[in-house]
Amino acid sequence: MKLASLKAGRDGQLLVVTNDLDRAVAAPEIAGSMQAALDDWPNMAPRLAELGQSLAAGRARGAFDLDPADLASPLPRAYQWADGSAYVNHVELVRRARGAEMPASFWTDPLMYQGGSDSFTGPYDPIAVASEDWGIDFEAEVAVIVDDVPMGVSVTEAGQHIQLVMLVNDVSLRGLIPGELAKGFGFFHGKPSTAFSPVAVTPDELGPAWDGARLHLPLYCDLNGEPFGRANAGIDMTFDFPALIAHAAKSRPLCAGTIVGSGTVSNKQDAAQGSALADGGVGYSCIAELRMLETIRDGAPKTPFMAFGDHIHIEMPDADGNTIFGAIDQEVVRYDGP
């Protein structure tokens, strides 16, 4: 089952979408919004799935052709957005680039931050930033949406709470982050509004690519129309989604609709042998990782961060080349104020 949210009010209008993402139908008699469906998921999911079968068979009343530009993120706002850093290779590169040793605990205890969840942007909405000097970067990730998770859930039990999967562009302002981290209180200005893929899908839609904990497919990132990254989301994921969920629920319950992110998808590569796609590598899921490798190899980065007018396209095809979640397709624009 594939679900989306049409732009409508603060929480959008819930849509059931065909597998090819071409057609959709609203489900107001079942649930008006994605959050409403998640609040009563055991009862709502079967009814939404039945509507999806009718849509696929051409029997759903009120079905219409879907334009992804009309969509908000599947959850236009959420009660909680907790983003991990499951690909520890990415963290290790950050620290190597600045000559810092990585604590051994980073391989056993996940990093996680609580992001702003009140103003997600749609998958085709622009990335509005006030200054190019802030170091504009994309971060391509995978995320899951959970139902109600009890505090102290075990890793073994956490996976059963995963109800939906989607893609993420967790935009970062690299020029603002160091100053914020130096204060010892975490990100705030350095993490503007996040965007998610046009649709969220139930795990059964992913077939053998989903093993209940990881999504084993390449994540495509194209920067200004050129291939930039093809890292496999199932490779080098030190902490899988059940581990991240259990970590997030260590001292608090997670309410239905909580989004848990993987962090930037990153595969281990040998910079000396060439990790760019053109050199036979799998590329990168953010510009910062390329800049870190340039620093390690050459002593300084040379690739610039994004500028106004730059364009990022994030998508994940299945084994047959068909899009699964639709694309996050965004342009960086100047924000001139309210």
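Divided by 2.2 N^0.38 Å, where N counts the residues, the Cα radius of gyration of region 186-338 comes to 1.15.
Counting only helical runs of four or more DSSP H residues, what would the 222 nm mean residue ellipticity of the chain come to if each run contributes -39,500 (n - 2.57) and the total is spread over all its residues? It would help to have the intermediate numbers written out before the result.
Values: 7 runs with 62 residues, N = 338.
It lands at -5000 deg cm²/dmol.
Here the Karplus curve 6.51 cos²θ - 1.76 cosθ + 1.60, taken at θ = phi - 60°, turns the phi angles of region 28-42 into couplings of x, 6, 9, 7, x, 9, 4, 5, 4, 5, 5, 5, 9, 4, x Hz, with x standing for Gly and Pro. Multiplying each eigenvalue of the alpha-carbon gyration tensor of region 1-135 by 5 and taking the square root yields semi-axes of 37, 19, 14 Å, largest first, rounded to whole angstroms. The alpha-carbon atoms of the chain define a convex hull whose volume equals 136 cubic angstrom per residue. Within the listed set ALA26, ALA231, ALA128, the residue fluctuating most in the Gaussian network model of the chain (springs between alpha-carbon atoms under 10 angstrom) is ALA128. Pop the C-beta distance of ARG10 and ASP318 into the FRET formula with R0 = 30 Å and round what comes out to the nearest 0.05. Rounded to the nearest 0.05, the efficiency is 0.40.
So if we plug the beta-carbon distance of ALA104 and MET151 into 1/(1 + (r/R0)^6) with R0 = 25 Å, what FRET efficiency do we get, rounded to 0.05? Between ALA104 and MET151 the formula returns 0.35.
If R0 is taken as 22 Å, the Cβ-Cβ distance between ALA69 and GLU29 corresponds to a FRET efficiency of 0.25. Across region 262-270, coupling constants 3J(HN,Hα) worked out from phi with the 6.51/-1.76/1.60 Karplus curve, θ = phi - 60°, read 7, x, 4, 5, 8, 10, 5, 9, 9 Hz, and Gly and Pro carry x.
Springs between Cα atoms under 10 Å define the GNM used for the chain, and in it the highest mean-square fluctuation of ILE235, ILE312, ILE245 occurs at ILE235.
Relative to the longest principal axis of the Cα atoms of the chain, the long axis of helix 88-97 lies at roughly 30 degrees. Between the helical axis of 287-298 and the longest alpha-carbon principal axis of the chain there is an angle of about 20 degrees.
Here the Karplus relation 6.51 cos²θ - 1.76 cosθ + 1.60, evaluated at θ = phi - 60°, turns the backbone of region 310-326 into coupling constants of 6, 9, 10, 10, 10, 7, 9, x, 7, 4, 9, x, 8, 5, 9, 9, x Hz, with x for every Gly and Pro. Between the C-alpha center of region 313-338 and that of region 168-210 there is a gap of 14 Å.
With the other protein chains left in place, how much accessible area per residue, in square angstrom, belongs to region 183-270 at a 1.4 angstrom probe? Spell out each step's value before the answer.
Numbers: 3440 Å² over 88 residues.
Heavy-atom accessible area per residue stands at 39 Å².
Length gained on full extension, ASP20 to ASN224, computed as 0.36 nm times the residue gap minus the Cα-Cα distance: 70.9 nm.
Report, in listed order, any pair from LYS250/LYS302; LYS191/LYS268; LYS7/LYS183; LYS268/LYS302; LYS7/LYS302 with a Cα-Cα distance greater than 31 Å. All intermediate terms of the calculation are to be shown ahead of the outcome.
On the way: LYS250/LYS302 41 Å; LYS191/LYS268 25 Å; LYS7/LYS183 37 Å; LYS268/LYS302 21 Å; LYS7/LYS302 39 Å.
Those over the limit are LYS250/LYS302; LYS7/LYS183; LYS7/LYS302.
Our estimate of slack between LEU277 and ASP39, defined as 0.36 nm per intervening residue step minus the Cα-Cα distance, is 81.4 nm. Given a 1.4 angstrom probe, I'd like the percentage of the accessible area of the chain that is carbon and sulfur, rounded to a whole number. Of all accessible area on the chain, carbon and sulfur atoms account for 50 percent.
The values are calculated or read from the model by the stated rules, or taken from the named source; none is laboratory data. All figures in this text were calculated on a predicted structure; none of them were measured in a lab. Positions of Cβ are backbone-derived with ideal geometry, glycine not excepted, and every protein chain shown enters the neighbour counts. These accessible areas exclude ligands, DNA and RNA; they are computed on the full protein's heavy atoms, side chains included. Shrake-Rupley method; radii C 1.70, N 1.55, O 1.52, S 1.80 Å.
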